[in-house]
Each structure stands twice: as C-alpha cells, then as structure tokens.
C-alpha cells in the first residue's frame with residue numbers, strides 16, 4: 001500500500017499539487033485520471049523520488065517512509081505507463 005498525506009509541490013510560485021491525500025491499494029489496479037496539467041506526472045515523479053518531498057508531507061510504501069532505502073527498493077516508475085509497487 002502506498003499512502004500520501006498532505007503533499008504539496010510548488011515550482012517557484014506555481015502550486016502544482018496542493019495538500020494531496022491518497023491511498024493506493026496494492027490489491028488491484030489504481031488509476032489516476034485528470035486533464036493535462038493537473039499534476040498526475042508530478043505526483044508520480046514525486047512518489048518515485050525524482051522531486052524532493054516537503055518536510056510536512058508524509059509518504060509511505062508498505063510502511064517504509066519516503067527516502068528510506070526500503071522505500072526506494074519497493075517502488076519504481078515506468079514513464080508513460082504506471083507506477084509499480086513491489087511486494
């Protein structure tokens with residue numbers, strides 16, 4: 001399970017994600033749908049560690065905190081396709 005709490009991402013003065021809270025369940029397929037520019041790719045890149053997470057956000061994957069070695073080993077991104085959780 002991938003859990004995101006209070007995630008906000010800004011690029012300069014532009015707010016891309018504002019206080020996102022979501023749980024991705026690992027028992028099935030999760031889909032992120034939105035119009036162009038709504039922050040889908042930014043969310044995935046942040047979860048994969050490509051962008052720095054602000055200190056007030058809490059992101060865990062299978063109980064491991066974002067940035068830890070166990071988190072890094074349990075998640076990867078496949079551009080243009082999906083983000084995958086390893087069990």
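Just so it is clear, none of the values below were taken in a lab; they were calculated from the coordinates. Because the structure is predicted, anything quoted here is derived from the model rather than measured. Cβ coordinates were reconstructed from backbone atoms using ideal geometry, including for glycine residues, and neighbour counts include every protein chain displayed.
Using a cut-off of under 15 Å, list every residue of segment 1-19 whose amide N is near the label point 7 Å from the Cα of residue 77 along the Cα-to-beta-carbon line.
Zone members listed by number: 8-11, 16-17.
Roughly how many Å is it from the Cα centre of segment 46-60 to that of segment 4-39, as a whole number?
Using only Cα atoms to place each centre, the spacing works out to 11 Å.
Along the Cα→Cβ direction, 7 angstrom out, place labels at residue 21 and residue 50. What is the inter-label distance in nm?
Computed distance between label sites residue 21 and residue 50 equals 2.7 nm.
Expressed as a rounded percentage, what relative contact order does the chain have, with Cα pairs under 8 Å and six or more residues apart?
Numbers: 128 pairs, mean separation 25.1, N = 87.
Normalised by residue count, the contact order of the chain is 29 percent.
Compute the FRET efficiency between residue 70 and residue 36 as 1/(1 + (r/R0)^6), taking r as their Cβ-Cβ distance and R0 = 41 Å, and round to the nearest 0.05. Provide the component values of the computation, followed by the final result.
Details: r = 34 Å, r/R0 = 0.83.
Once the sixth-power term is evaluated, E becomes 0.75.
Please express the Cα-Cα pair-distance distribution P(r) of segment 2-85 as a list of whole percents, one per 5 Å bin, running from 0 to the bin with the greatest distance.
Bins of 5 Å from zero give 3, 14, 27, 29, 19, 7, 2, 0 percent of pairs.
For a quick check: sort 76, 24, 11 by the number of other beta carbons within 10 angstrom, fewest at the front.
If I rank by nearby Cβ atoms, fewest first, I get 11, 76, 24.
Rounded to the nearest 500, what is the chain's calculated 222 nm mean residue ellipticity when only DSSP H runs of at least 4 contribute -39500 (n - 2.57) each, over all residues? Don't skip to the answer; put the middle values down first.
On the way: 2 runs with 14 residues, N = 87.
The helix-only estimate for the chain comes to -4000 deg cm²/dmol at 222 nm.
Cut-off is 10 Å between beta-carbons; in what order do 14, 46 appear when sorted fewest neighbours first? List each step's numbers first, then the result.
On the way: 14 7, 46 23.
Fewest to most other Cβ atoms nearby, the residues stand as 14, 46.
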